[in-house]
Amino acid sequence: MSIELCVLASGSSGNCSVIRTPRGVMLIDAGIGPRVVPQRLRGTGVSVSDISAVCLTHLDRDHFSPTWINTFVRNSVAIYCHADRVAALLACEHGDLLAPLLRPFDRDPFEPLPGLLARPIALAHDEEGSHGFVLAGHGCRVGYATDLGHVPEHLIAEFQSLDLLALESNYDPRMQRESPRPWFLKQRIMGGRGHLSNDQALAAIRRVLDRAQATAAPLPSHIVLLHRSRQCNCPTLLRKLFTNDPRIAPRRVLSEQFERTDWLRAKGGVPLAGEQLVLAWG
């Protein structure tokens, strides 16, 4: 039994991830269009027709593209979004077609796929906020959060006993400050309601791993870094920074804007090779 994650795209030009379980396939976000997704799915063993649900973190254009509406309607894809976003979805062009498919969530867990429970986590992103998720089922737990603004204490509390962790690591502070972007945009991104810096992401991941070690829980099989800025971040910087912690280095996966990841399996507590040595790190 397992849950598998494949990040099809992650970044300001579009975000979309696939979750596969023994009982179905769903998306987290649909920020790249229905023409691009089939190309990214080639070789994965999954097609668009297999997708039965989508969980939306929020409705920014890079997380939900209205070009999906006809496909979702044709394939009867259940659309899970926060209750406060329903009106905005219905207001999209042809959005009224989505009404029978909408499954609003609030604070309570919901079941987007049979045997998979999704617990929403409220996040402070821009004016309307965003949501991360803990997906639990089939012997596994997956934590997924992007567009955070900052790391709230309740996210750390929810991100426990994870078998796979996916977290935003958007920008390098120096590159952000020195970029040609207008000051108001820099303030928005770095002001606590925009995106996480590499250092903030690293600190959050370390806290999750510290908690796992304190409770003798296995560490996540993969740690996926999401939503990297192409203008204000650098893969070399990320690799160097996250390699400093030997618990993270063998698990680290950098998601990309124009290339999918491999299938990343939440191993349900199965340790990596040499795990005993890693757990001894302190």
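The values are calculated or read from the model by the stated rules, or taken from the named source; none is laboratory data. This is a predicted model, so every value here is computed, not measured. Here Cβ is always computed from backbone atoms with ideal geometry, including for glycine, and neighbour counts include all displayed protein chains.
Of note:
- Any chance Arg265 is charged (D, E, K, R), touching a Ser or Thr at 6+ places or on another chain (Cβ under 9 Å), at pLDDT 95 or above and surrounded by 22 or more Cβ atoms within 10 Å (Cβ to Cβ): no
- Total residues in the range 25-66, condition among the acidic types (Asp, Glu) and closer than 17 Å to Phe105 by Cα: 1
- The single residue among Gly24, Gly43 that is at pLDDT 95 or above, crowded, with 16+ Cβ neighbours inside 10 Å and of a type in the set (Gly, Ala, Ser) turns out to be Gly24.
- Check on Val77, in contact with a strand residue (DSSP E or B) (Cβ under 9 Å, 6 or more places away or on another chain) and either of a type in the set (A, V, I, L, M, F, W, C) or surrounded by 20 or more Cβ atoms within 10 Å (Cβ to Cβ) (or both): yes
- For the range 128-174, filtered to residues that are free of Cβ contacts under 8 Å to residues at least 40 places away in the same chain and more than 19 Å from Asn233 (Cα to Cα), the residue that is surrounded by the fewest Cβ atoms within 10 Å (Cβ to Cβ) is Glu153.
- In the set (1) among the hydroxyl-bearing types (Ser, Thr, Tyr); (2) over 21 Å from Phe258 (Cβ atoms); (3) crowded, with 20+ Cβ neighbours inside 10 Å, Thr57 fails one condition alone, (2).
- Here Leu98 meets the list (1) free of Cβ contacts under 8 Å to residues at least 12 places away in the same chain; (2) surrounded by 18 or more Cβ atoms within 10 Å (Cβ to Cβ) almost entirely, failing just condition (1).
- From the options Leu102, Leu162, Leu185, residue that is closer than 28 Å to Leu219 by Cβ and either aliphatic (A, V, I, L, M) or modelled with pLDDT under 95 (or both): Leu162
- Evaluation of Glu178 against (1) buried (at least 21 other Cβ atoms within 10 Å of the Cβ); (2) without any contact (Cβ under 8 Å) to a residue 40 or more places away in the chain; (3) acidic (Asp, Glu) (one fails), failing number: (1)
- Hits in the range 45-70 - residues which are in contact with a strand residue (DSSP E or B) (Cβ under 8 Å, 6 or more places away or on another chain), farther than 24 Å from Ser12 by Cβ and of a type outside the set (D, E, K, R): Val46, Ser52, Ala53
- Scanning the range 173-220 for residues that are small (Gly, Ala, Ser) and in a helix (DSSP H, G or I) yields Ala201, Ala203, Ala204, Ala212, Ala214.
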